[in-house]
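Down below is the structure, laid out as structure tokens.
Please treat every number below as a calculation from the coordinates, not as lab data. Computed from a predicted model, the values in this text were never measured in an experiment. We place every Cβ from the backbone using ideal geometry, glycine too, and count neighbours over all the protein chains shown.
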Amino acid sequence: MIAPDLVLGGWRGLGARKLRTALSCLGIAIGIGAAVAVLGISASSKANLLAQLGAEGNLLTVGAGQAFDGSPAPLPLAAEPMIARIPPVESVTATGYVPGVTVRRTAAVPATDSGGISVLAAQPGLLGTLGGGVAAGTFLNAATARYPAVVLGAVAAQTLGIDRVRPDTQVYLAGRYFTVVGILRPVPLAPEIDEAALVGFPAADSLLGLGGRPTEIYLRAVPDQVQPVASVLPFTANPAQPEAVQVSLPSSILAARAAARSAFTGLFLGLGAVAVLVGGVGIGNIMVISVLERRAEIGLRRAVGATRWLVGLQFLVESLLLSALGGVAGAGIGAAATAAYAASAGQPAVVPPAGLAAGLGVALLTGVLAGVYPAARAARLPPAEALRA
């Protein structure tokens, strides 16, 4: 027998028991599909992360810290204009935390039920520096920043139950009502903005007693000059106490999140391997039953001149075909799951070719291992005993 004859004979053997073949393929397909989907989703998330890092990797934050004696060391009033003088800095903006102020839907809501919303003074250029956007209404401008107007972060708006902006939409803030002029989209690199109510610096100074001091400064630097800028920021922001200035790269948060997600990749691959193992055991069991059911066929083939090697090879080919069908189906399922996840998450769909090849290779290896014993058993079956069956 030549190779095409073996493949054709194995295909016909599987086609004679379609339901059994489909169920046997299912175990392999689930395992391979899970493995391909895990690799694809991980690759899609990584591609999305790299895209975000490329766009957001030049964002730095400067925060107020503590002096050597543990006392608070607020940023000087001149910190922001001094940072803006650094040549590689492209844009800079500041926010100021207003302590002791709660945000409630109405005055009837108890002060203790504020939902943890903080109040921040913000400059009109905040969204431009952070790369944020407005979901509804408008952001603060030179006019509204002087009056009791407020812009809500995405989480703050959800907490207050406000999903749209109307002329009469107000919140109760520091003993008076502020008009809601806008709602922001989520800002991944500045989650503190999502949970805050933003007012203008002039209004925060006159109505809330802020005093004009910033507590957080956001800046964009030329991408290839991020580290040099970070090294001089403490001395520029607070020359008197540079050790009390905290400088961070928010993009490192994205990398940490990706590392946390990748920690589960091995777990899901292990679960996929267990499914493949179970599928391989099922194929082996099916092939043993097939040998028992086809004893008369085996005896007839041996009687007309088939060698033990050819009989065993025939059953091994059937096992390979069975696992190959499951591998192809699993690869398709995994690719489809990856595409569906990427579409729902708004990420690029990436299915690693190496993952597909590895999945098919594992499926074929499983078929070989599962088919060795049934093939050997079929090859050792004496022709006379097989014909009597």
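Quick notes on this one:
- About the Cα centre, charge dipole magnitude for region 59-248 (Lys/Arg +1, Asp/Glu -1 at Cβ), debye: 520 debye
- Ratio of Rg to Rh for region 59-248: 0.98 [Cα atoms; Kirkwood radius as inverse mean 1/r over pairs].
- Here region 150-208 is treated as a Stokes sphere of Kirkwood radius computed over C-alpha pairs; at 37 °C and 0.692 mPa s its diffusion coefficient rounds to 278 µm²/s.
- Per-residue extension of 0.36 nm, minus the Cα-Cα distance of Arg176 and Ala142, leaves a gain of 10.1 nm for this segment.
- Selected from Val62, Ile193, Met82, residue furthest toward positive end of dipole (region 59-248; charges at beta carbon): Ile193
- Computed lengthening from Asn285 to Ala230, 0.36 nm per intervening residue step minus Cα-Cα distance: 13.4 nm
- A simple spin-label model places pseudo-atoms 7 Å from Cα toward Cβ; at Val222 and Arg377 they are separated by 7.4 nm.
- Rounded FRET efficiency, nearest 0.05, which uses the C-beta distance separating Ala336 from Val304 and R0 of 41 Å: 0.35
- Computed 3J(HN,Hα) for region 141-149, one whole-Hz value per residue from the Karplus formula 6.51 cos²θ - 1.76 cosθ + 1.60 where θ = phi - 60°, is 10, 4, 7, 5, 5, 9, 10, x, 10, glycine and proline marked x.
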